[in-house]
């Protein structure tokens, strides 16, 4: 998101951004790792950062210095300020206590009003099954995290490994359909084949059929798609829709090939 705004490029699912200077306040990564991450993202997206468009403030081990530094940011200097991660700014506050979180949110509001920048902060999910919760209730800690933000963007694990459902909750804008992304280092890549409703279920029954289960049915004998589905249905009781969704995902990831209308693993 920071790179997208700093270069005026699209973000995630083809969303346009308004180009402007960005300040990324890094409380977590070593400085060299943070610099490398931005470099890899720019290379992967074939984007070039202009001088002064993305400033990085490395405060790992010096998070409390932010209390003084933030007052030196000039009004109108940045279009976006990203604070990552939020827990580094708790400073003895209890993230499960509404009054403590409200004070932290007020600090973010003051920063936005004083600088004229949009302020982004990150918050983790608690442990456990997030699939049974509404997106706005998946944030760890007090409900003030979800109620205060004007826009919330959640990434929730899907049953497919390294894939996530992205949901956007906006106070001032029309709702947008959820979509799914696949983590392909160093980027999240939108994958229209994935089902954003297929959230990972923790502690429940395992998936009826995995990718490897499906591949095992054609490993020794290539099959036509219809016959392949029949065998998958008989063996794992999956629906036709689920079968063809999984098949399309395997094909998109170059895991299978078709020769003379017969499907086989690559």
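The values are calculated or read from the model by the stated rules, or taken from the named source; none is laboratory data. Remember, predicted model here, so these are calculated numbers, not experimental data. Don't worry about glycine lacking a Cβ; one is built from the backbone with ideal geometry, like all the others, and counts go over all protein chains shown.
Quick notes
- Checked against the criteria, residue 189 counts as exposed (fewer than 15 other Cβ atoms within 10 Å of the Cβ), modelled with pLDDT of 90 or more and under 22 Å from the mean Cα position of the chain (by Cα).
- Single residue of 43, 50 found to be modelled with pLDDT of 95 or more, exposed (fewer than 15 other Cβ atoms within 10 Å of the Cβ) and closer than 17 Å to residue 77 by Cα: 50
- Each residue in region 36-49 was checked for being free of Cβ contacts under 8 Å to residues at least 40 places away in the same chain and more than 15 Å from residue 82 (Cβ to Cβ), and 5 of them qualify.
- Tally of residues being modelled with pLDDT under 90 and assigned to a loop (DSSP other than H, G, I, E, B) across region 199-218: 11
- A count restricted to region 220-265 and to residues that are exposed (fewer than 13 other Cβ atoms within 10 Å of the Cβ), at pLDDT 90 or above and more than 22 Å from residue 192 (Cα to Cα) stands at 5.
- Near pairs, Cβ below 7 angstrom, 6+ apart or cross-chain, from region 222-237 (assigned by TED's automatic domain parsing to the domain that holds residue 258 and on the phi > 0 side of the Ramachandran plot) to any residue that is exposed (fewer than 15 other Cβ atoms within 10 Å of the Cβ) and assigned to a loop (DSSP other than H, G, I, E, B): 237/208
Listed here are the residues, each with its yes/no results for (1) closer than 23 Å to residue 120 by Cβ; (2) outside the structural domain of residue 38 (by TED's automatic domain parsing); (3) over 16 Å from the mean Cα position of the chain (by Cα); (4) assigned to a loop (DSSP other than H, G, I, E, B).
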| position | (1), (2), (3), (4) |
| --- | --- |
| 133 | yes, no, yes, yes |
| 147 | yes, no, yes, no |
| 167 | yes, no, no, no |
| 182 | yes, no, no, no |
| 196 | yes, yes, no, yes |
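- Out of 109, 100, 33, 67, one residue alone is surrounded by 14 or more Cβ atoms within 10 Å (Cβ to Cβ) and either touching a residue at least 12 places away in the same chain (Cβ under 8 Å) or not in a loop (DSSP other than H, G, I, E, B) (or both). It is 100.
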